[in-house]
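See below for the structure under consideration.
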Amino acid sequence: MSDVRNNTNRHRFELEIDDEVAKAWYRQQGNVVTFTRTEVPESVAGQGIGSRLAKGALESVRAAGQKAAATCPFIAAYLKRHAGEFDDILAEPSAGPADQPQEHS
């Protein structure tokens, strides 16, 4: 199982690495989870952390019986590189002002 966890209070998936946290923000509308932004700490960049986060988040969406969309360039590129692997859960992204990540302190 993946180390990626869904922090529903902050609307993001998280992957903790060496006391750092990589994050993939999303908004949820009905059964569709739309990824809006991904952030990997500079100290762990270039180690495949973003890809692990993307894969774990998408697997979590699948396990929950939901659909996924991406306005986030990183997640969109990940889906393109892994064509076929997540086709069963792909949905069209919805446009709107909610494209900005929702961050709560």
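The values are calculated or read from the model by the stated rules, or taken from the named source; none is laboratory data. For clarity, every value in this text was computed on a predicted model and none was experimentally measured. No Cβ is skipped: glycine too gets one built from the backbone with ideal geometry, and neighbour counts run over all protein chains shown.
Some notes on this structure:
- The combined condition, being modelled with pLDDT under 95 and of a type in the set (A, V, I, L, M), is not fulfilled by A70.
- Subset of the range 35-93 (residues that are of a type in the set (S, T, N, Q) and outside any loop (DSSP other than H, G, I, E, B)): T36, T38, S43, S51, S60
- Unmet criterion (only one of (1) within 20 Å of I89 (Cβ to Cβ); (2) modelled with pLDDT under 95; (3) touching a strand residue (DSSP E or B) at 6+ places or on another chain (Cβ under 8 Å); (4) not basic (K, R)) for M1: (3)
- Count - residues of the range 21-55 that are under 16 Å from D88 (Cα atoms), surrounded by fewer than 21 Cβ atoms within 10 Å (Cβ to Cβ) and in contact with a Ser or Thr (Cβ under 9 Å, 6 or more places away or on another chain): 2
- Screening G96 with (1) among the small types (G, A, S); (2) modelled with pLDDT under 95; (3) closer than 16 Å to R12 by Cα gives one miss only, at (3).
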